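Working notes, beginning with the structure itself.
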Amino acid sequence: MMAEYLPFSGIRVVDFGWVWAGALPGQILADLGAEVIKVESRKRLDFMRWGRPIIGDRPDPDQNHMFHNINRNKLSITVDITHPEGQRLLKELISRSDIVVENFAPGFMARVGLDYESLRAIKPDIIMISMSAAGQTGPLSQIRSYAAIIAALSGLDAMVGYPGGEPIGMQQAYCDPHASLMGALAVVAGLLYRRRTGRSLYIDLSQWEAAVCTIGEAIIDFEMNGRLRGPEGNHEPGIAPCGNYPCREPDTWVSIAVKTDTEWEALVNAMGSPEWGLDPRFATVMGRLANREALDRLVGEWTRQYTRYEVTERLQAAGIAAAPLLDHQARYFDPHFRERGVYVEVEHPILGSEPIYSLPWKADGTRGRLRRAPLLGEHNEYVFCRILGLSKEEFDRLVAEKVIY
């Protein structure tokens, strides 16, 4: 039987990515066939490896379920990046690789001799991406941040909240995966550039600037009209009803959006033609927008009679955009997600079978591969002895001296 073709087979990635934002580009490339080698150190663990153990009561860097999702399909090596011999080993590995991913603070890679200019000298066609908070240059280049700070700097936080109220900000680390997806796309573009020109490429990605891209309409509105956007709740401009509506079971909700008068008529029919559905205030888009609060209250009174799936199925059958809001547990059992294979069971040597999210697309009938995340330093011998050709004696010496550690 022929092996399944994956688009990045034969591509090797040296992945210095930390936590979520830095790790996701390598995950995407690994899912699609690349050999991604995650560089770690026992001296300073990736924060994604922290957390309470699931089995037992002792700290264990191999039990974090989030790490297992974000770093599946990768290999793991442990090496002291601050040690001259560790730097020598990494340079040797990079000389045999195609891509380097890192999200350290600007200047760190130069201090350990692994900046772009140094790497290009040993690998003339290397593709390297740096994903710092605010880019490698500029007055804020030295700030250190996580997704919450990026959301605040970009202005995204100021737009999250209820109309007329104070901003409540993003309640999850949205800016991490957003920047990561842009980074992964940039790396793929870099590979295409290398194929066409034979040249190396350095990608300086600012996570802050990536987040700003999510509020382009608000920025243009301010520049052209002088309007400063504030919290708008779940409403979208020009759409009513639009929002999350309560359902029969406690703390369950359904999302509904009606764009046109034709869709409004379909919604009224699907609700059983209640008398208020014929109210002239709601006959047009402009009327529904002007009376949005009253409309939301009435729609919510109707949805409370049913479960979120009953509302979803009825409205989707009528051509109305509707979907259930899913909590942490419900997402694993959603019929659409199960049919699409959004989560798959992967066997982990410590935790056993665990659900891991799959890729959200299919290409030529395949999702790519999905193997478990590596144990800390699991592939040291494979990488240093088989790829780099170290003897067993040299490998053991470097382990004893905690260069490979």
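The values are calculated or read from the model by the stated rules, or taken from the named source; none is laboratory data. Note that the structure is predicted; figures quoted are calculated from it, not measured. Ideal geometry is used to build each Cβ from the backbone, glycine not excepted, and the neighbour counts take in all protein chains shown. Areas reflect the complete protein model, heavy atoms only, side chains present, ligands, DNA and RNA absent. Shrake-Rupley method; radii C 1.70, N 1.55, O 1.52, S 1.80 Å.
Whether any residue in the stretch 39-48 is buried (at least 18 other Cβ atoms within 10 Å of the Cβ) and among the basic types (K, R) is what I want to check. Don't jump to the end; show me each part of the working.
Narrowing the stretch 39-48 to residues buried (at least 18 other Cβ atoms within 10 Å of the Cβ): 39-41, 46, 48.
With among the basic types (K, R) added as a condition, the list becomes none.
No: the stretch 39-48 contains no residue that is buried (at least 18 other Cβ atoms within 10 Å of the Cβ) and among the basic types (K, R).
Of note, M182 does not satisfy the criterion of being touching a strand residue (DSSP E or B) at 6+ places or on another chain (Cβ under 9 Å), surrounded by 15 or more Cβ atoms within 10 Å (Cβ to Cβ) and more than 23 Å from T214 (Cα to Cα). Contact map, the stretch 339-363: residues that are touching a residue at least 60 places away in the same chain (Cβ under 8 Å) and closer than 20 Å to R52 by Cβ paired with residues that are acidic (D, E) and in a strand (DSSP E or B), Cβ distance under 6 Å, separation 6+ or inter-chain. Pairs shown: H348/E354.
Condition test on A290, is it within 20 Å of Y162 (Cβ to Cβ), of a type outside the set (F, W, Y), over 36 Å from the mean Cα position of the chain (by Cα) and open to solvent by 30 Å² or more (accessible area, probe 1.4 Å)? Taking the combined requirement at face value, the residue satisfies it. All of (1) within 21 Å of Y405 (Cβ to Cβ); (2) assigned to a helix (DSSP H, G or I); (3) open to solvent by less than 40 Å² (accessible area, probe 1.4 Å); (4) not polar (S, T, N, Q) hold for H68 with one exception: (1). Scanning the stretch 111-167 for residues that are aromatic (F, W, Y) and closer than 25 Å to R229 by Cβ, which turns out nearest to the chain's Cα centre (by Cα)? For the stretch 111-167, the residue satisfying everything is Y146.
Have a look at G238, G233, G226 and point out the one that is within 27 Å of G155 (Cα to Cα), touching a residue at least 60 places away in the same chain (Cβ under 8 Å), surrounded by fewer than 17 Cβ atoms within 10 Å (Cβ to Cβ) and small (G, A, S).
Result of the check over G238, G233, G226: G233.
Within the stretch 133-175, being outside any loop (DSSP other than H, G, I, E, B) and either without any contact (Cβ under 8 Å) to a residue 12 or more places away in the chain or of a type in the set (D, E, K, R) (or both) holds for one residue alone: D157.
Among the listed residues V311, V258, V268, which satisfies the condition of being crowded, with 20+ Cβ neighbours inside 10 Å, among the β-branched types (V, I, T) and either out of contact with any Pro (no Cβ under 7 Å at 6 or more places or on another chain) or modelled with pLDDT under 95 (or both)? Walk me through how you get there before you give the answer.
Details: V258 fails: either out of contact with any Pro (no Cβ under 7 Å at 6 or more places or on another chain) or modelled with pLDDT under 95 (or both); V268 fails: crowded, with 20+ Cβ neighbours inside 10 Å.
Exactly one residue qualifies, and that residue is V311.
Among residues of the stretch 241-281 being of a type in the set (A, V, I, L, M) and free of Cβ contacts under 8 Å to residues at least 12 places away in the same chain, the one that is farthest from T307 (Cα to Cα) is L278.
When we screen L119, L114 for residues that are surrounded by 22 or more Cβ atoms within 10 Å (Cβ to Cβ) and in a loop (DSSP other than H, G, I, E, B), the only hit is L114. The numbered conditions (1) modelled with pLDDT under 95; (2) surrounded by 17 or more Cβ atoms within 10 Å (Cβ to Cβ); (3) closer than 24 Å to G233 by Cβ are all true for A322 except (1). When F333 is tested against the conditions (1) surrounded by fewer than 14 Cβ atoms within 10 Å (Cβ to Cβ); (2) aromatic (F, W, Y); (3) under 30 Å from D261 (Cβ atoms), the lone failure is (3).
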